[in-house]
Amino acid sequence: MSQSNSRRPWITLRAPISRRNAIALGVACWVLFFLIWQLAVSTGLVTELLLPGPLKVLGTLGRLLATLDFWIDIGASVLRILVSFAMASVIAVPLGIVMGSFRALEAFFNPFMAAWRYLPAPSFIPVLLMWFGTGEGPKIALLFIGVVFFLVVLVMDYTKQVRTEFIETAMTLGGTRGQVLRTVIVPAVLPNVVVAMRQMLAVSWTYLVIAEIVASTNGIGAMMMRARRFLHTDEIMAGIVVIGMLGLLCDTLFRIAHRLLFPYIDESAR
């Protein structure tokens, strides 16, 4: 075999890579990002007042984490995300499953859901303030609206992908609609439901700062808005870093839960 044929390309279409290489490449991307960021600040390409360097942001983050008030802000934000996402999931998951299982229900609900998906959640802020006042209500409602309609459609689409042969076999064996739904469709779609929830939880985090602008006195978004008044860009960037880290933590927890709940799923399919 010639040397050219035996040499494997560094990048191959859909070729698996080792876990060590995957981690190394991921770390390398972050290192490159921080180097470019620091270089842009050090060379004066950007004004440090508007974009402080990563070392200053990390120092500010350490200072904030040493204060109790910042941990209260983090706790308030996490609680809002968890409550709103739990409410959205309780409604969206069963509704999406039945819509994907019964064409009549899909025909009834889907036009309504499709219309609401294209309405920007922040546009509801004025009316949410009128309905719920300035407490936790409008924040939870905004985070709920930003997720629930997309999650319904995702779950519905995943449910429709359950193989027809499974359903037909179960019905041939005498299974009722309820039995087929409970023992065939739901177990088959649950792995993808977890995937859909993981995807939409990321979207929920993207709405956090917008939700906490709404007459909020605590939360990461409220801290960032206070920092903006005094041009403390390093604190704003530190808040962005914390949101990113919390989002990554949630994503990791969902991946672990998926692996533990569905060990029979191919790792590369996750």
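Each peptide in 100-106, 29-35 receives the mean, over its residues, of other Cβ atoms within 10 Å, and ordering these scores from highest gives 100-106, 29-35. Here the chain is assigned +1 on the Cβ of each Lys and Arg and -1 on the Cβ of each Asp and Glu. Its dipole about the Cα centre then comes out at about 560 debye. Membrane-span-like helices of the chain, defined as complete DSSP H segments with a Cα extent of 18 Å or more along the helix axis and a mean Kyte hydropathy of at least -0.5, are identified as 19-42, 68-101, 103-117, 137-160, 186-206, 233-261. Among 14, 229, 80, the residue with the largest mean-square fluctuation in a Gaussian network model of the chain, with springs joining Cα atoms closer than 10 Å, is 14. Between the stretch 125-191 and the stretch 195-270, the alpha-carbon centres lie 22 Å apart. If you filter the stretch 163-270 for chymotrypsin sites (Phe, Trp or Tyr not before Pro), then keep DSSP loop positions with at most 11 other Cβ within 10 Å, what is left? Qualifying residues, ordered by number: 230, 264.
Each Cα pair under 8 Å and six or more residues apart adds its separation to the average, and for the chain the resulting relative contact order is 22 percent.
A short reminder: the numbers here are calculations on the coordinates, not readings from a lab. What you see is a predicted model; the values in this text were computed from it and never measured. Cβ: placed from backbone, ideal geometry, glycine included. Neighbour counts: every protein chain shown.
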